[in-house]
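S.K.: Have a look at the structure that comes next, please.
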Amino acid sequence: MNYRHIYHAGNFADVLKHAVLTLVVGHMRRKEAPFRIVDTHAGTGLYDLASGEAERTGEWRDGIGRLLSAAPPVEIAAMLAPYLDMVRAENGGGERILRYPGSPLVARRLMRPVDRLVANEAHPEEAAPLAALFAKDRQVKVLSLDGWTALKAVLPPRERRGVVLIDPPFEEPGEFERLCDGLATAYRRFATGTVILWYPIKDVGAVSAFSRDVAALGIPKLLSVELFTGTPRPDGPLVATGLVILNPPFMLDAKLATLLPYLAALFARDEGAEGRVAWLAGERMTSA
Ligand code: SAM
C-alpha cells in the first residue's frame with residue numbers, strides 16, 4: 001500500500017512544514033526578481049478533510065484545526081497570518097475547515113505572475129488529481145517522476161532564485177540516506193537556493209545520525225528546526241518532526257525560535273513537548 005497523504009493532511013507536521021514554507025516564500029517575494037519553487041514529493045495539492053480517510057485518523061483536528069481556533073500572541077499571529085489566511089481562503093473565509101491545501105497549493109497561492117512552480121508526484125493516483133488541480137495554470141508544471149530524478153532534472157532553475165521542498169513519504173528503509181544525498185545534489189546544482197527537507201522523528205538515534213551526516217556534507221548554511229509534541233518512540237505514532245533548511249532567509253532562525261515553543265505548547269501531548277532551532281552548519285543564532 002502506497003503512502004497517502006490524505007490520512008495526515010493538516011496534522012502538526014504539515015502545520016510546521018507549511019508555515020515555514022510560507023515564511024520562506026514570503027521572503028523570496030521581497031525582491032522583484034522571479035523565483036521558482038520545486039516540490040519533489042508534492043502529493044495531490046488539496047485534501048478533503050471531510051473524506052473518510054481524513055476522518056479516520058482525525059489528525060488535522062489536532063493540527064490545523066487546533067491552530068485555527070487558538071488565539072496566539074500578536075507577534076506569532078503576524079508570523080502565521082499568511083499561512084492561516086490562505087487556509088481560511090481555501091475554505092471560503094469561514095471558520096469551518098473542510099479543505100486543506102498541500103505544499104504545491106500553498107506555494108502557488110504565494111506566487112506572483114512572474115514566478116513558477118514545478119510540482120512532482122511519482123504515484124499516478126496522487127499525480128492525477130495534482131495535474132487536474134493545475135491543468136489550466138501556465139505558471140505550474142506538473143511532473144510524475146521519481147522525486148530524486150526530478151531533483152536532478154529541474155535544478156538549477158532558469159531564474160537562479162528559488163525554493164526546493166523535499167518531502168518524501170518515509171515508507172521505505174533508507175529514506176534518511178536518500179534525503180541526505182538529495183540535499184547534496186540540490187546544493188551541487190543550486191548552491192544559492194533555499195532547500196527545505198522534511199523528516200519524521202520516531203527513532204531519535206536515526207535522526208541524530210542523519211543530522212551528523214548532513215552537517216558533514218560541508219554545506220555552509222544549514223538550519224535545523226524540530227517540533228516535539230511529545231516523546232517519540234520508534235514504534236509509536238508520529239509525535240515529532242523536523243526540517244533542515246539550506247540557506248534559510250535572514251532572521252528565519254529568530255522567528256522560528258519564537259514560533260516553535262508556541263506550537264510545541266499548543267500541540268503538547270506530554271512533557272516531551274518542545275521546539276528546537278539550531279544551526280547544523282554556518283551562522284550563529286540571530287535574535288529577534
Ligand atoms: N509535500 C506534500 C504536502 O506537504 O502537502 C505531501 C507529500 S507526502 C509526505 C509524500 C508524497 O510523495 C506522497 O504523495 C507520495 O505518493 C509521494 N511519493 C512517494 N514516493 C515518491 C517518489 N519516489 N518520488 C516522488 N514522489 C513520491
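The values are calculated or read from the model by the stated rules, or taken from the named source; none is laboratory data. Here the structure is a predicted model, which means the values were calculated and not measured. No Cβ is skipped: glycine too gets one built from the backbone with ideal geometry, and neighbour counts run over all protein chains shown. Surface accessibility is based on the protein's heavy atoms, side chains included, excluding ligands, DNA and RNA. Shrake-Rupley method; radii C 1.70, N 1.55, O 1.52, S 1.80 Å.
S.K.: Would you look at the GNM of the chain, springs on alpha carbons closer than 10 Å, and say which of Gly174, Gly218, Gly43 moves the most?
M.R.: With Cα springs under 10 Å in the chain, the top fluctuation among Gly174, Gly218, Gly43 is at Gly174.
S.K.: Here is a follow-up. Per DSSP H run of n ≥ 4, the term is -39500 (n - 2.57); total these for the chain, divide by its residue number, and report the mean residue ellipticity at 222 nm rounded to 500 deg cm²/dmol.
M.R.: Helix-only estimate at 222 nm: -12000 deg cm²/dmol.
S.K.: With the dipole of the chain worked out from charges on the C-beta (+1 for Lys and Arg, -1 for Asp and Glu) around the Cα centre, which of Gly282, Pro73, Ile201 lies farthest toward the positive end?
M.R.: Going by the charge dipole, the pick is Gly282.
S.K.: Same structure again: Mind scanning Lys17/Lys221; Lys31/Lys136; Lys31/Lys141 and naming the pairs with a C-alpha gap bigger than 25 Å? Kindly include the intermediate steps, with their values, before the conclusion.
M.R.: Numbers: Lys17/Lys221 19 Å; Lys31/Lys136 27 Å; Lys31/Lys141 23 Å.
Those over the limit are Lys31/Lys136.
S.K.: Would you kindly state the longest site-free stretch of the chain, with sites defined as GluC sites (Glu not before Pro) in a DSSP loop (not H, G, I, E, B) surrounded by at most 16 other Cβ atoms within 10 Å?
M.R.: 172-270
S.K.: Find which of Phe12, Ala254, Leu238 sits farthest along the positive direction of the dipole of the chain, computed with +1 on the beta-carbon of Lys and Arg, -1 on that of Asp and Glu, about the Cα centre.
M.R.: The one lying farthest along the dipole's positive direction is Ala254.
S.K.: Then there's this: Pick out, from Ser211, Leu223, Leu98, the residue whose Cα sits farthest towards the positive end of the charge dipole of the chain, with +1 on the Cβ of Lys and Arg and -1 on the Cβ of Asp and Glu.
M.R.: It is Leu223, whose Cα lies furthest towards the positive end.
S.K.: Okay, moving on. Distance from a point 7 Å along Cα→Cβ of Lys152 to each backbone N in the range 187-203: keep the residues under 19 Å and list them by number.
M.R.: 187-191
S.K.: I would also like to ask the following. Suppose a student asked you for the relative contact order of the chain, using Cα pairs under 8 Å spaced at least 6 residues apart; what percent would you report?
M.R.: Once normalised by length, the contact order is 19 percent.
S.K.: Between exposed trypsin sites (Lys or Arg not before Pro) in the chain, where DSSP calls loop and at most 10 other Cβ atoms lie within 10 Å, what's the longest gap? Mind dumping the intermediate values first?
M.R.: Working: sites that count: Arg30, Lys31, Arg96, Lys136, Arg138, Arg158, Arg284.
That gives 159-283 as the longest site-free run.
S.K.: Mind putting a number on the dipole of the range 193-288 about its Cα centre? Charges go on the C-beta only, +1 for Lys and Arg and -1 for Asp and Glu, and I need it in Debye to the nearest 20.
M.R.: My answer is approximately 180 debye.
S.K.: Hey, another quick one. In nm, what is the difference between 0.36 nm times the number of residues separating Ala78 and Glu172 and their Cα-Cα distance? Each step should come with its number before you reach the end.
M.R.: Numbers: separation 94, 0.36 × 94 = 33.84 nm, distance 3.81 nm.
Extra length from Ala78 to Glu172 when fully extended: 30.0 nm.
S.K.: How much accessible area per residue does the chain have, in Å², with a 1.4 Å probe?
M.R.: Using a 1.4 Å probe on heavy atoms only, each residue of the chain averages 44 Å².
S.K.: Counting only protein heavy atoms and a 1.4 Å probe, tell me what percentage of the chain's accessible area is made up of carbon and sulfur.
M.R.: In the chain, the share of accessible area belonging to carbon and sulfur is 53 percent.
S.K.: Using +1 on the beta carbon of Lys and Arg, -1 on that of Asp and Glu, and nothing else charged, what's the dipole of the chain about the Cα centre, debye to 20?
M.R.: 1280 debye
S.K.: Can you list the residues of the range 62-94 with backbone N under 18 Å from a point 7 Å past the Cα of Asp270, pointing along Cα to Cβ?
M.R.: none
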